[in-house]
Amino acid sequence: MKLTSLNAIHKSLNAKIVPFAGYEMPIQYEGIIAEHERVRQSAGLFDVSHMGEFWVDGPQALEFVEYATVNNVTSLEKGQVQYSCMCLENGGIVDDLLIYRFSDRFLLVVNASNIEKDWAHLSRIAEKFDVHMSNASDEIALLALQGPDSKKILSKLTPSNLDALEFYHFGIAEVADLTLILSRTGYTGELGYELYHDPKDSEQLWLAIMSAGKEFEIAPIGLGARDTLRLEMKFCLYGNDITESTTPLEARLGWATDLEHGDFLGKAALLKQKEAGIGRFLVAFKVLDRGLPRHGYEIFHGGEQVGIVTSGGQSPSLKQGIGMAYVNPPFHQTDTVLQLDIRGKRIDIMIVKPPFVNKNTG
């Protein structure tokens with residue numbers, strides 16, 4: 001197991017540590033529900049240093065990233081972040097990622113569990129382009145400060161004008177006397193920031209943020225609450241909601257898939273799928289009875305199976321079961337009532353328009 005640069009702090013806080021994507025990671029401290037509510041109501045600090053980071057530069061860096069991902073990278077301004085996917089030739093999703101456009105290079109932020117796979121995939125593509133890639137995953141640590149009070153907390157630690165940093169933009173900033181990449185992004189649906197920094201500075205940065213946030217009752221947050229927070233927003237989790245067996249169109253990531261821009265890997269397959277008609281869609285649903293949906297549970301309309309759950313659980317905000325599932329048309333339409341099979345018992349669920357809770361990205 002690899003250790004993040006904050007492993008000792010997590011253990012000193014009596015965090016419950018679990019193996020995740022090859023790392024020892026904190027799944028909870030005080031408890032998932034309490035941590036979830038802290039992020040929704042005030043602020044929380046996440047160690048997400050397990051994420052992967054690849055630098056891309058060279059004469060054809062733009063052309064390479066444009067070909068390797070499904071969104072329109074050319075439209076990105078310098079200092080802007082873009083959500084996208086990498087696909088196989090058949091349209092299956094290799095991974096979802098964030099693309100950071102610098103003046104002279106790109107930073108690709110990928111899922112921890114896919115670092116080796118993504119590196120191999122991109123390296124094969126890079127052979128056709130005049131580019132240079134470097135895997136900086138072990139050289140970059142990452143903290144996520146999330147919640148409605150996050151700007152107030154961060155403003156105590158930086159001279160930067162945080163009001164000028166727009167959603168899904170980033171810059172080089174001084175925070176707690178450290179120079180780092182400050183991004184206004186996150187995986188919770190709340191106002192928040194992600195701070196990319198040198199691992200040797202992690203403890204200094206963590207302690208400074210926790211101290212500045214004390215008056216706002218900031219708390220450390222584990223991966224458990226990170227999952228419930230993202231589920232309430234219907235944010236996809238790779239390995240559950242999106243895989244190499246699903247396409248961006250099926251996952252309803254069309255807003256991050258630009259089929260009109262230049263050639264990219266998987267484009268022909270996605271155009272063909274769109275023309276032929278998409279056979280399943282990723283939907284959000286609420287449980288109308290008592291019971292919790294889990295990954296792999298089947299969904300029925302009468303005696304016909306019409307879907308399968310990809311993510312599910314109890315929503316701490318709504319106090320009811322919620323989930324995501326692939327459902328065949330026409331049963332994917334909002335307000336459709338279907339039946340969820342829980343170990344042989346059928347309970348009613350309703351397809352709803354996401355997100356489950358209102359966004360508050362500030």
Listed residue (HIS121, ALA144, GLY79) projecting farthest to the positive dipole end of the stretch 31-167, Cβ model: ALA144
Cross-link table LYS16/LYS214; LYS128/LYS267; LYS151/LYS359; LYS11/LYS214; LYS2/LYS200; LYS78/LYS214, entries beyond 24 Å C-alpha to C-alpha: LYS78/LYS214
Length-normalised contact order for the stretch 1-160 - Cα pairs under 8 Å, 6+ apart - percent: 29 percent
Partners for LYS274 among aspartates and glutamates (Cα-Cα distance below 18 Å; same-chain residues under 8 apart left out): GLU89, GLU244, GLU250, ASP258, GLU260, ASP263
GLU66, GLU24 arranged by Cβ crowding within 10 Å, fewest neighbours leading: GLU24, GLU66
Cα-centre dipole for the stretch 56-119 with unit charges at Cβ (Lys and Arg positive, Asp and Glu negative), debye to 20: 160 debye
Globularity ratio of the stretch 99-257, using Cα Rg and 2.2 N^0.38 Å: 1.14
Cα-based equivalent ellipsoid of the stretch 177-231: semi-axis lengths in Å, sorted from largest, via gyration tensor: 20, 15, 11
For the chain: relative contact order, % (alpha-carbon pairs under 8 angstrom, 6 or more apart): 19 percent
Convex hull volume per residue in cubic angstrom - Cα atoms of the stretch 99-181: 126 Å³
Of the trypsin sites (Lys or Arg not before Pro) in the stretch 152-185, those whose Cβ has at most 16 other Cβ within 10 Å and which sit in DSSP loop: LYS156
Unit Cα scatterers, Debye sum, the stretch 279-362: log10 I(q)/I(0) for q = 0.15, 0.26 Å⁻¹: -0.46, -1.35
Protection proxy ranking of 263-274, 25-36 - average other beta-carbon atoms within 10 Å, highest first: 25-36, 263-274
Solvent-free Debye scattering, log10 I(q)/I(0), computed from the Cα coordinates of the stretch 1-97 at q = 0.12, 0.17, 0.24 Å⁻¹: -0.63, -0.93, -1.17
Per-residue [θ]222 nm for the chain (sum of -39500 (n - 2.57) over DSSP H runs n ≥ 4, rounded to 500): -5500 deg cm²/dmol
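Every number in this text was worked out from the coordinates using simple rules, so none of it is lab data. Values in this document were obtained by computation on a predicted structure and should not be read as measured data. Note that we place each Cβ from the backbone using ideal geometry, even for glycine, and neighbour counts take in every protein chain shown.
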